[in-house]
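One structure below.
Any read-out appearing in this document is the output of simple, stated calculations on the displayed coordinates, not a laboratory observation. None of these values were measured; they are calculated from a predicted model. Cβ coordinates were reconstructed from backbone atoms using ideal geometry, including for glycine residues, and neighbour counts include every protein chain displayed.
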Amino acid sequence: MSIVDLLQTALTGGNHFPPLSDSEQKRRIEQNLRKISDGRLPYSGNPNAYGLFEGFRNWASFAESITNPDTIRAAIYAAFQPLYDCLIDNRKMGIEPRKKAVAVLNGLIAVGVDFLTGYYSGEPDKKRFKEGVALLKLGFEELSFTNYLQKDRNIGRNAIFPNDIVLFLQEYLKHSLDGNKPHTDYVVGAACGSSEVAMPLAGLLGVDVGFIRKSKRRGDSRALVIPEQEPMIQEAARDKRVICIEDYVCTGRSLHDVMRKVEGYGAASVRGASVRNSSDCGFCLKETTGKSGFHVYNFK
């Protein structure tokens with residue numbers, strides 16, 4: 001699918017990927033596992049896009065000028081996180097401004113899935129990314145009414161780097177090919193830190209991705225969803241096999257609450273997974289598969 005078609009679908013709230021049968025997804029996973037295993041991760045350090053632009057208004061102009069795949073990787077998060085958090089926290093935004101902001105976010109998620117899937121497969125497509133940014137540019141320029149506030153994340157700071165994410169993705173694909181493991185129909189990122197794990201995982205599996213936030217650092221008392229996205233997430237999860245992704249699990253409480261939220265949407269099954277965890281993660285969740293850099297959880 002061209003980036004134009006991909007974004008047109010995303011901007012209207014449609015699904016990025018057609019539903020796959022178990023056999024179709026198995027073939028896709030086998031192909032992508034070979035690709036990600038043979039590919040060369042283009043990670044060359046820890047460049048960071050923070051501070052290189054001041055807000056949403058000039059993000060697209062900055063993003064169009066990037067030549068380093070690592071900086072693109074960082075820039076995707078540096079737009080996704082502030083916009084996602086703004087749409088969760090700012091309920092006083094008018095109806096029309098929210099519609100514009102949600103459309104831009106949906107488009108950014110589509111561009112993020114597209115680029116990060118290639119990045120972690122060893123094939124970062126900078127040209128395709130910039131084509132996507134150009135299509136979103138006007139939307140970003142119209143976001144001057146929204147507050148821009150960056151927050152730190154675990155990736156690049158808390159023992160999680162791109163090489164750790166590629167290992168997690170490889171292990172998840174291998175795990176999925178085990179005959180006793182369930183097909184994955186939908187990916188939910190426990191936003192926002194999980195985005196760089198959830199987006200490429202969805203792309204590699206050929207399924208859509210949604211985001212639900214439960215953040216202790218942000219003072220969330222419950223799992224939160226952007227209201228305009230909730231019907232789409234609910235429909236995508238209903239009667240489906242869903243994996244909820246975290247980057248780092250401490251007590252497991254936040255991931256547990258996100259999983260319960262998805263369960264409440266009528267999902268057929270809900271599991272969790274993370275790149276890293278602490279010794280306290282068993283407080284809320286039962287770890288069923290655990291090895292260095294790859295952890296899978298069920299409800300206790």
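Arranged from highest to lowest average of other beta-carbon atoms within 10 Å per residue, in what order do the peptides 58-65, 277-284 appear?
58-65, 277-284
Report, in debye and to the nearest 20, how large the dipole of segment 181-300 comes out about its Cα centre when Lys and Arg carry +1 and Asp and Glu carry -1 on their Cβ.
With only Lys, Arg, Asp and Glu charged at Cβ, the dipole is about 420 debye.
Rounded to the nearest 500, what is the chain's calculated 222 nm mean residue ellipticity when only DSSP H runs of at least 4 contribute -39500 (n - 2.57) each, over all residues?
Rounded to the nearest 500, the figure is -15500 deg cm²/dmol.
Give, in nm to one decimal, the length gained when the segment between Ser279 and Asn154 is fully stretched (0.36 nm per residue of separation minus the Cα-Cα distance).
43.3 nm
Rounded to the nearest 0.05, what FRET efficiency do Glu123 and Asn147 have when you use their Cβ-Cβ distance and R0 = 30 Å?
For Glu123 and Asn147, the calculated efficiency is 0.25.
What's the exposure ranking of Cys244, Cys192, going from fewest to most Cβ atoms within 10 Å?
The order, fewest Cβ neighbours first, is Cys192, Cys244.
Would you mind giving the average projected area, over all directions, of the Cα convex hull of segment 162-299 in nm² with one decimal?
One quarter of the hull surface, i.e. the mean projection, equals 7.6 nm².
Starting from the Cα of Lys100, draw a straight line to each of the lysines and keep only those under 27 Å, dropping any in the same chain fewer than 8 residues away.
Here the lysines satisfying the reach criterion relative to Lys100 are Lys92, Lys126, Lys127, Lys130, Lys137, Lys151, Lys214, Lys261.
Compute the whole-percent fraction of alpha carbon pairs in the chain spaced more than 32 Å apart.
More than 32 Å apart: 18 percent of the Cα pairs in the chain.
Could you give the length gained by full extension between Asn180 and Asp239, i.e. 0.36 nm per residue of separation minus their alpha carbon distance, to one decimal place?
Full extension from Asn180 to Asp239 adds 19.3 nm.
Computed over the Cα atoms of segment 3-141, what is the ratio Rg over Rh, Rh following Kirkwood?
Here Rg/Rh amounts to 1.00.
Return the single residue from Arg217, Arg128, Arg276 with maximal mean-square fluctuation; model: Gaussian network over the chain, springs between Cα atoms under 10 Å.
Among Arg217, Arg128, Arg276, the largest GNM mean-square fluctuation belongs to Arg217.
Which of the aspartates and glutamates could a cross-linker bridge to Lys181, judged by Cα under 18 Å and excluding same-chain residues fewer than eight apart?
Partners found: Asp22, Glu24, Glu30, Glu171, Asp239, Glu287.
Where both partners of a DSSP beta bridge lie in the chain, what percent of those bridges are antiparallel, to the nearest 5?
35 percent
For segment 43-170, with only Lys/Arg (+1) and Asp/Glu (-1) charged at the beta-carbon, what is the dipole magnitude about the Cα centre, in debye rounded to 20?
The dipole of segment 43-170 has a size of about 260 debye.
Is there a quick way to get the dipole size of the chain? I mean about its Cα centre, with the Cβ of Lys and Arg at +1 and of Asp and Glu at -1; what is the value in debye to the nearest 20?
Computed about the Cα centre, the dipole is about 560 debye.
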